[in-house]
1. Filter the stretch 176-204 down to residues that are of a type in the set (S, T, N, Q) and either within 23 Å of residue 489 (Cα to Cα) or modelled with pLDDT of 95 or more (or both), then give me how many there are.
2. I'm told residue 42 meets every condition in (1) among the hydrophobic types (A, V, I, L, M, F, W, C); (2) surrounded by 15 or more Cβ atoms within 10 Å (Cβ to Cβ); (3) under 29 Å from the mean Cα position of the chain (by Cα) except one. Can you identify the failing condition by its number?
3. Keeping to the stretch 24-39, report how many residues are open to solvent by less than 50 Å² (accessible area, probe 1.4 Å), of a type outside the set (A, V, I, L, M) and over 20 Å from residue 128 (Cα atoms).
4. Which condition does residue 443 not pass, out of (1) touching a helix residue (DSSP H, G or I) at 6+ places or on another chain (Cβ under 8 Å); (2) crowded, with 17+ Cβ neighbours inside 10 Å; (3) more than 22 Å from residue 316 (Cβ to Cβ), if it passes all the others?
5. Given the residues 280, 290, 294, 341, which is the only one that is out of contact with any Asp or Glu (no Cβ under 7 Å at 6 or more places or on another chain), modelled with pLDDT of 90 or more, farther than 24 Å from residue 410 by Cβ and surrounded by fewer than 16 Cβ atoms within 10 Å (Cβ to Cβ)?
6. Here is a list of conditions, (1) assigned to a strand (DSSP E or B); (2) under 30 Å from residue 474 (Cα atoms); (3) among the aliphatic types (A, V, I, L, M), and residue 332 meets all of them except one; can you say which number that is?
7. Of everything in the stretch 53-88, what is modelled with pLDDT of 85 or more, in contact with a strand residue (DSSP E or B) (Cβ under 6 Å, 6 or more places away or on another chain) and either over 20 Å from residue 104 (Cα atoms) or open to solvent by 40 Å² or more (accessible area, probe 1.4 Å) (or both)? Give them in sequence order.
Amino acid sequence: MTKQLFGELLLKNSWCDEDSIKRALDIQKGYGGRIGSILLNMGVITEDQLLETLSQQLAIPYLRSVEGIAHLHLPLDPRFLREQQIFPFAEDDSSLHILTTNPLNITTYSLLESITGKRVQPSLVREEALKQLLVSLDEELVTSGEYVNADDEIDKLKELASEAPVIKLVNSLLTKAMELNASDIHFESLRGAMKVRLRVDGILTTVEIVAQSLKLAVITRLKLISGMNIAEHRIPQDGRISMRIAGKEIDIRVSSVPTQFGESLVMRLLGKEDIDYSLESLGFFPDHIELINEVTRKTSGVFLTTGPTGSGKTTTLYAVLSRLNSDRVKIITAENPVEYEFKGISQINIRPEIDYTFASALRSILRQDPDIIMVGEIRDAETAEIAMQAALTGHLVVSTLHTNSALASITRLLDMGCEMFLLKSTIVGIMAQRLVRRLCPACSQPAPFPEEYAVRYGLDALLQNMPDFVKSPKRAVGCEICSGSGYRGRMVIAEIAPFTSELQDRFDHDKSFDDMNRIGHRTILQDGLLKVLAGLTTVEEVLRVAH
């Protein structure tokens with residue numbers, strides 16, 4: 001062990017400055033803790049720099065890679081090794097070599113030395129790498145039959161789920177999800193472990209590996225707080241939680257399904273506060289906003305938005321309703337389920353399990369004297385027909401469909417059995433959309449735009465109709481604010497067309513017509529590339545979702 005202090009080594013390696021160390025020491029005086037951990041939590045140093053400095057200070061190895069390292073079988077309870085966060089991986093005549101993140105765990109090392117008769121030689125390793133290695137210890141418990149199946153021990157299960165480490169782990173994951181603006185948390189049961197992933201800006205990232213010993217307790221905890229039956233693990237279940245996390249009120253929809261290695265759960269996070277229901281905030285260009293306003297100013301008709309699951313269709317419809325909402329109109333929605341509470345609007349939860357479908361809800365809504373109706377999704381011919389009849393009788397109906405393009409929504413309705421004369425009388429506008437990640441404003445940098453894309457997709461011709469457009473393409477870089485991804489938040493790319501007589505005539509001649517440019521409107525891909533030119537996203541991101 002060297003005589004140099006931890007802070008001195010950081011300064012020597014130019015990994016920190018004196019002001020940061022002083023601030024960390026002030027925190028340490030007030031709250032305790034190790035100086036390295038404080039600097040790491042402050043974001044001043046990385047985990048690699050922390051471990052490299054400890055390695056220099058304590059004169060012990062730091063293994064950056066654990067590839068090929070296997071568990072050394074010893075007469076030790078795997079639960080003890082896991083609790084102490086140590087992983088034996090080699091031995092010789094006099095030494096036992098272990099991996100750890102805490103090289104100062106002297107008490108445990110003394111106990112190991114008394115049991116094995118060998119001197120403990122620790123090596124440092126990253127926390128994430130150690131967690132993955134410790135999974136194999138839990139697999140030993142499973143294969144040896146030591147891990148107890150708690151099907152018939154519900155009281156013990158509740159007690160297990162109420163233990164402080166489990167509550168702390170679940171709360172920390174929820175807090176982290178909120179801090180990163182995650183839309184979903186995935187708890188995925190694997191052999192001997194559970195993987196936890198967050199979906200941030202549409203991309204999944206692993207944030208935690210839960211050991212087998214805690215997996216059942218975590219699942220039970222999540223099912224308890226979401227109102228599920230903790231004794232039932234053979235069938236899917238749904239639950240809901242309303243709670244305050246990181247100072248924000250949030251609704252959480254929870255879904256569980258049985259899998260080969262235990263139950264897996266997905267939590268959809270739905271914020272109640274600070275939601276900006278505006279087309280501008282969603283990323284629509286001004287000309288698209290004007291088109292949407294034009295077709296939804298009508299007092300009757302059907303406006304459809306299409307796209308795959310998770311493409312922001314419902315949020316767009318909320319933005320439309322937000323513009324239309326006033327004391328002079330009555331708006332009713334039928335959703336499955338209601339995702340966000342909307343002041344001044346009557347919202348209905350669809351419940352297919354009791355045969356309360358979109359079609360039946362729509363019939364009851366028509367008896368409530370509405371002016372505007374939102375139908376969460378048109379799934380079948382019955383719902384489509386009732387929506388069209390509602391439009392014919394003086395109601396504005398907004399709804400969603402699952403198709404790949406705006407024009408394909410007409411083809412889809414025809415395939416459902418809707419008559420073209422009915423569509424001509426009721427459809428006022430059609431739209432398709434996707435979500436792309438926005439460039440992080442803090443770190444994005446200017447970059448050239450590939451000229452071949454401008455030529456291939458006719459962007460210069462499109463820009464002639466957008467006189468105020470400013471070209472400023474940028475590239476993703478990555479910083480602390482965006483967690484190194486180069487992106488922060490998402491935005492809409494879309495294609496929109498009013499269902500004009502010209503477009504209706506084209507469908508009369510070709511029921512599969514699907515060419516936005518021929519009717520004077522841009523495609524989703526073109527809209528995305530224009531947003532690249534505007535410096536809002538990147539070509540790679542647009543091609544990922546729209547090509």
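1. Let us first name the residues in the stretch 176-204 that are of a type in the set (S, T, N, Q), namely 181, 183, 189.
Next cut, either within 23 Å of residue 489 (Cα to Cα) or modelled with pLDDT of 95 or more (or both) only: 181, 183.
The total comes to 2.
2. In the conditions (1) among the hydrophobic types (A, V, I, L, M, F, W, C); (2) surrounded by 15 or more Cβ atoms within 10 Å (Cβ to Cβ); (3) under 29 Å from the mean Cα position of the chain (by Cα), residue 42 misses (2) alone.
3. Restricting attention to the stretch 24-39, the residues satisfying the condition of being open to solvent by less than 50 Å² (accessible area, probe 1.4 Å) are 24, 32, 35-36, 38-39.
After this cut, where a residue has to be of a type outside the set (A, V, I, L, M) as well, the list is 32, 36.
Next, from what is left, pick out any that are over 20 Å from residue 128 (Cα atoms): 32.
Qualifying residue count, the stretch 24-39: 1.
4. (1) is the only condition that residue 443 fails.
5. 280
6. Evaluating residue 332 over (1) assigned to a strand (DSSP E or B); (2) under 30 Å from residue 474 (Cα atoms); (3) among the aliphatic types (A, V, I, L, M) leaves (2) as the failure.
7. Once the filter is applied, which keeps residues that are modelled with pLDDT of 85 or more, in contact with a strand residue (DSSP E or B) (Cβ under 6 Å, 6 or more places away or on another chain) and either over 20 Å from residue 104 (Cα atoms) or open to solvent by 40 Å² or more (accessible area, probe 1.4 Å) (or both), the stretch 53-88 yields 61, 63.
For (1) in contact (Cβ under 8 Å) with a residue 60 or more places away in the chain; (2) assigned to a strand (DSSP E or B); (3) more than 18 Å from residue 291 (Cα to Cα); (4) open to solvent by 80 Å² or more (accessible area, probe 1.4 Å), each residue gets a yes or a no:
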{"position": "455", "(1), (2), (3), (4)": "no, no, yes, yes"}
{"position": "465", "(1), (2), (3), (4)": "yes, no, no, yes"}
{"position": "470", "(1), (2), (3), (4)": "yes, no, yes, yes"}
{"position": "477", "(1), (2), (3), (4)": "no, no, yes, no"}
{"position": "481", "(1), (2), (3), (4)": "no, no, yes, yes"}
{"position": "484", "(1), (2), (3), (4)": "no, no, yes, no"}
{"position": "495", "(1), (2), (3), (4)": "yes, yes, no, no"}
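The values are calculated or read from the model by the stated rules, or taken from the named source; none is laboratory data. Keep in mind that what you see is a predicted model, and the values were worked out from it rather than measured. Note that we place each Cβ from the backbone using ideal geometry, even for glycine, and neighbour counts take in every protein chain shown. When the accessible area is computed, the model is the full protein with side chains, heavy atoms only, and any ligands, DNA or RNA have been set aside. Shrake-Rupley method; radii C 1.70, N 1.55, O 1.52, S 1.80 Å.
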